[in-house]
Every structure is written in structure tokens, then in C-alpha cells.
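Visitor: Dumping the structure here so I can ask a few things about it.
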Amino acid sequence: MKEMLPLAGLVVLDMSQFLAGPSCALRLADLGARVIKIERPHGGDLCRQLYISNLALDGDSTLFHSINRNKESYAADLKHPDDVARVKQLITQADVIIQNFRPGVVERLGLDYTSVTAINPRIIYGSITGYGTQGPWRDKPGQDLLIQSLSGLAWLNGNADQPPTPFGLAVADLMTGAHLAQGILAALVRRGIRGVGAHVEVSLLESVLDLQFEVLTTHLNDGGKLPERSTLNNAHAYLGAPYGIYATADGFLALAMGSLPTLATLIECPALAQFTDPNTWFSQRDHIKAVLADHLRSQPTTYWLTRLEAADYWCADVFDWQRLLRHEGFTVLNMVQRVERAPGVSMATTRCPIRIDGQLLTSSRGAPTIGADTMHINHDFGLV
């Protein structure tokens, strides 16, 4: 089945660690590429021991398993000349390399873009840094929480009287991986047309800045004014009432943008009906949200959903994962697959979210142990 996928026949060398680079390589693997993860013989990718819930499987963190499924592992000590020589032989037959070494390290290893293109001019070389290759932050640790903090992203979240609030997931890493995959795919298309390789560069900071393009553009063209978070139920600092999540008698209700007079009629809240001028939905946002929050607590979520959904007013229940995973809206997507490293060593995880010609992109191949594929890769590529 994999030979029918768009990237079938391409060889990707994943020399990256943690999340951003491996998530890019994972997506290329899902699309059909043969992804070979090059790791240290002792310890491997540091993400193998990066636990997010104290949950492990077969000696590795479930985080590592989830982001390195569908790959092979090649053990190589890049400080050992013989291992470097074999890696360079592998490079001559590869299509893509992904690396996220700290600035200066890859040059010392002799695996920088200039050195690699000298042995394979058609290579698509993907580089990830924390903050780019220039400037005062060049050598700072490129870590997700630090990027969220410096980029202003954490400062956008939470209510006005709350401290900056980071996302509850590694959004900087995952956006960077997605951007690198986009750049690599574009470079592969160009190579198919012109026959030339490319150096694709992304950084965590630039990816998070791009994630904020909507609000940053507003700031840059609005006289430099800073956005004002709502004092309660903040969800988007640049959007007026009723945008936010509100407590109900038994749960929560999300309300997107919509007409306040219409909302007032649907939920029978006369106090909202006076706000007929859309300009007041922002200028009096906090007052409106306080009135709305008080009113919505009077009835359970299903009561409000029945009224609002019947009128096609943009709203939603607020699920935790237990409710989500039981709901038909989730189960119909078939988003969960089971991957297996070895008999009896398996785990449930999400599949690739992309469909090609109606086909779900799934693979039962789990994340490899360190060097599990070294011998057959040596054989397949004639490495000596």
C-alpha cells in the first residue's frame, strides 16, 4: 500500500531530535517516504526519555513512540569517522535530510549544507533552529515554552487580570515541523522541474510569529496599539462580544462571533437587546460578557444548544477527551490507529489527518528501538 502514496520511493534521513524535526519526518513518512532516523548508539534521540505523563512503553516515552512511528532507526556515532563515512554514503542516496543541531554543531561534524551538497547536489536539506542563524538570540535554547514566551503568544492568552498563559501543547514545535514539511515538499516539486536541490530553513520563533500573522498584522497597522484581553471569558483579544467560552448550569458553552440582538432573542436575555450597534460589542465587551455569563448560568448546556443550533447560531459544547472519544462526530473520522513495535508492544495513537484520493493514511509500524534497522540499511544501501 505504501508504494501507492505520493512520496513512495523517496529516502529521508531524520537527524533531528525532540519534536519539531521528527514531526516533519513523521508527516513525510505518512505520505510514503522511507524515513531513516539516525541516532546515537547509546541513548538515541533524547526524546526517548522525554516524558509528558510518566507513561512509557518498552523503555521509551509514549511521546517518542507517537512522533517516531513509521520510521527506521540507524545507529551512528557522528564523532566516529567510520560512522560518519557510512552516513555520508547514505547521504549520496538520500533525497531529504532533516537536522536541528544547535548553530555551529553541524559544521563541526562536517554535515552542514555546503558539505552535504558537495556529495549530493540534489539533496533537499532541512534545517531547524530556535531563533534563526543571526541575532542576539541565535544561541539561546530553542525550547517550546521559551519561544511561546518571547514571541508574545503566551501573552495573548488568559483574561486581562491573569498572567501570560502558554498553550497546553507544544505548539511552537508542531507548527515548525509543519512549516518545514511544506518547504521540503515545495523544494521537491522544484527539484522535479529543474533538477536542483535546496536548503530549507525554518525556526521556531518565525513559525510562531507566522501563527500570529492575523493579530500581528492588526497591531502593525493599528498605530501600534496593543490588544486588550477581556477581563472575563477571553478567547481572542481582537474580537468583541460574545466571543468566548461561558459556564452554564452544568458545563460550558462556546459562542463564536454573531449578532448580539439575535442572540438576545434566542436565549431570551432582554439586557443584551440594547446593544444594536456592533461597535459597542467591542467597546463594551467586558460588560456584555458579564451580562451574558450571568444569564447562561441559569440553564444547562443542552438547553442553550437546542435553541442556538436550531437557528444556526455559531456555538458548541465544550468537551473533555472522554466525551470527545465517545461521540460519533469523533468516531466516524477513524482518527485512532494502533501501532506495534514488536508482538505485545503496541499502543493507540492518532493517524495522519490527510486523505489522498479518499484513502486514510495509516500505518501499523511503531517507533523503532535504537539501531533496530542498521544492518538491513547497510545492506540495502551498500554501506561499508
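Visitor: Given the conditions (1) assigned to a helix (DSSP H, G or I); (2) touching a residue at least 40 places away in the same chain (Cβ under 8 Å); (3) more than 20 Å from Glu340 (Cα to Cα); (4) not aromatic (Phe, Trp, Tyr), and given that Thr133 satisfies all but one, which numbered condition is not satisfied?
Guide: In the conditions (1) assigned to a helix (DSSP H, G or I); (2) touching a residue at least 40 places away in the same chain (Cβ under 8 Å); (3) more than 20 Å from Glu340 (Cα to Cα); (4) not aromatic (Phe, Trp, Tyr), Thr133 misses (1) alone.
Visitor: So which residues in the stretch 187-232 are under 21 Å from Leu28 (Cβ atoms), touching a residue at least 60 places away in the same chain (Cβ under 8 Å) and part of a helix (DSSP H, G or I)?
Guide: Residues satisfying the conditions are Ala187, Leu188, Arg191, Leu204, Glu206.
Visitor: Taking the stated definitions as given, is Asp294 acidic (Asp, Glu), within 35 Å of the chain's Cα centre (by Cα) and either assigned to a helix (DSSP H, G or I) or over 14 Å from Tyr246 (Cβ atoms) (or both)?
Guide: no
Visitor: Could you name every one of the helices (runs of 4 or more DSSP H) located completely within the stretch 234-286 that has at least 2 residues being over 25 Å from Gln212 (Cα atoms) and in contact (Cβ under 8 Å) with a residue 24 or more places away in the chain?
Guide: 260-266
Visitor: Among (1) at pLDDT below 95; (2) crowded, with 20+ Cβ neighbours inside 10 Å, which single condition is Glu72 missing?
Guide: Answer for Glu72: the failing condition is (1).
Visitor: Something else now. I'd like the residue in the stretch 317-345 that is over 23 Å from the mean Cα position of the chain (by Cα) and in contact (Cβ under 8 Å) with a residue 60 or more places away in the chain and, out of all such residues, is farthest from Pro22 (Cα to Cα).
Guide: Asp317
Visitor: Restricting the search to the stretch 293-326, which residues are at negative phi and among the acidic types (Asp, Glu)?
Guide: If the condition is that a residue be at negative phi and among the acidic types (Asp, Glu), then Asp294, Glu309, Asp317, Asp320 are the ones that fit.
Visitor: So which of Ser151, Ser127, Ser115 is modelled with pLDDT of 95 or more and more than 19 Å from the chain's Cα centre (by Cα)?
Guide: Of Ser151, Ser127, Ser115, the one residue that is modelled with pLDDT of 95 or more and more than 19 Å from the chain's Cα centre (by Cα) is Ser115.
The values are calculated or read from the model by the stated rules, or taken from the named source; none is laboratory data. Keep in mind it's a predicted model, so treat the numbers as computed, not measured. With ideal geometry, Cβ positions are generated from the backbone for all residues, glycine too; neighbour counts draw on all protein chains shown.
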